[in-house]
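Scroll down for the structure; my scribbles are underneath it.
The values are calculated or read from the model by the stated rules, or taken from the named source; none is laboratory data. This structure is a prediction, so every number in the text was calculated from the model and none was measured. Please note: Cβ atoms are built from the backbone with ideal geometry, for glycine as well, and neighbour counts cover all protein chains shown.
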Amino acid sequence: MVSFAGDILPLFGKLEIGCMRKHGVLLDDYAYMSDSHGDGIFGTHANARHVYARLTGQERPRMPLNGPYWDDARLQKFKDWMDGEFAA
Ligand code: HEM
């Protein structure tokens with residue numbers, strides 16, 4: 001099973017976490033990342049789904065800003081974490 005603490009958190013660097021915290025995106029905060037609330041775009045888990053959409057480039061600008069962008073294996077791991085119901 002893909003877990004936030006064991007698999008997802010280590011994918012984010014300190015600079016990325018710090019940069020996004022200023023924008024209110026708390027990449028290292030499980031409560032924020034697993035929040036089940038939707039928004040006008042995603043019906044549920046909007047915080048995590050926007051992060052994923054930025055990582056894939058479905059939402060622009062793609063993240064991390066200026067790259068290097070995540071490869072397919074990393075993207076799949078994040079998707080597996082979401083599909084696995086956002087395990088801690
Ligand atoms: C894996 C790394 C990163 C992820 C997952 C990520 C994720 C996101 C997300 C979800 C947003 C949308 C926020 C919103 O709509 O309120 C965003 C916006 C933004 N991020 Fe990142 N980010 C990452 C790295 C970075 C880094 C390293 C920087 C700075 C060098 C950065 C700078 C920005 C800026 C300036 C915006 C606003 C862009 C705009 O919409 O005009 N991000 N990011």
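Got a number for residues in the stretch 1-18 being out of contact with any Pro (no Cβ under 8 Å at 6 or more places or on another chain), part of a helix (DSSP H, G or I) and free of Cβ contacts under 8 Å to residues at least 60 places away in the same chain?
Looking only at that region, the number is 7.
Give me the residue from the stretch 32-56 that is part of a helix (DSSP H, G or I) and out of contact with any Phe, Trp or Tyr (no Cβ under 9 Å at 6 or more places or on another chain) and, out of that set, surrounded by the fewest Cβ atoms within 10 Å (Cβ to Cβ).
Residue satisfying both the conditions and the ranking: Tyr32.
Which of (1) more than 8 Å from the ligand (Cβ to nearest atom); (2) acidic (Asp, Glu); (3) surrounded by 13 or more Cβ atoms within 10 Å (Cβ to Cβ); (4) assigned to a loop (DSSP other than H, G, I, E, B) does Glu59 not meet, given it meets every other one?
Condition (1) is where Glu59 drops out.
Anything in the stretch 65-78 that is surrounded by fewer than 17 Cβ atoms within 10 Å (Cβ to Cβ) and either under 11 Å from the mean Cα position of the chain (by Cα) or more than 7 Å from the ligand (Cβ to nearest atom) (or both)? List them, or say none.
Gly67, Pro68, Tyr69, Asp71, Asp72, Ala73, Arg74, Leu75, Gln76, Lys77
Taking Met82 as meeting all but one of (1) touching a residue at least 12 places away in the same chain (Cβ under 8 Å); (2) more than 8 Å from the ligand (Cβ to nearest atom); (3) over 12 Å from the mean Cα position of the chain (by Cα), write down the number of the exception.
Checking Met82 against (1) touching a residue at least 12 places away in the same chain (Cβ under 8 Å); (2) more than 8 Å from the ligand (Cβ to nearest atom); (3) over 12 Å from the mean Cα position of the chain (by Cα), the one that fails is (3).
Is it the case that the stretch 35-51 has a residue that's over 19 Å from Ala5 (Cα atoms) and near the ligand (Cβ under 9 Å from one of its atoms)?
yes
Looking at the structure I just gave you, is Leu15 near the ligand (Cβ under 10 Å from one of its atoms), among the aliphatic types (A, V, I, L, M), modelled with pLDDT of 95 or more and within 19 Å of Asp72 (Cβ to Cβ)?
Answer is no for this residue.
Mind listing whichever residues of the stretch 26-55 are touching a residue at least 40 places away in the same chain (Cβ under 8 Å), among the hydroxyl-bearing types (Ser, Thr, Tyr) and within 19 Å of Leu15 (Cα to Cα)?
Scanning the stretch 26-55 gives a single hit, Tyr30.
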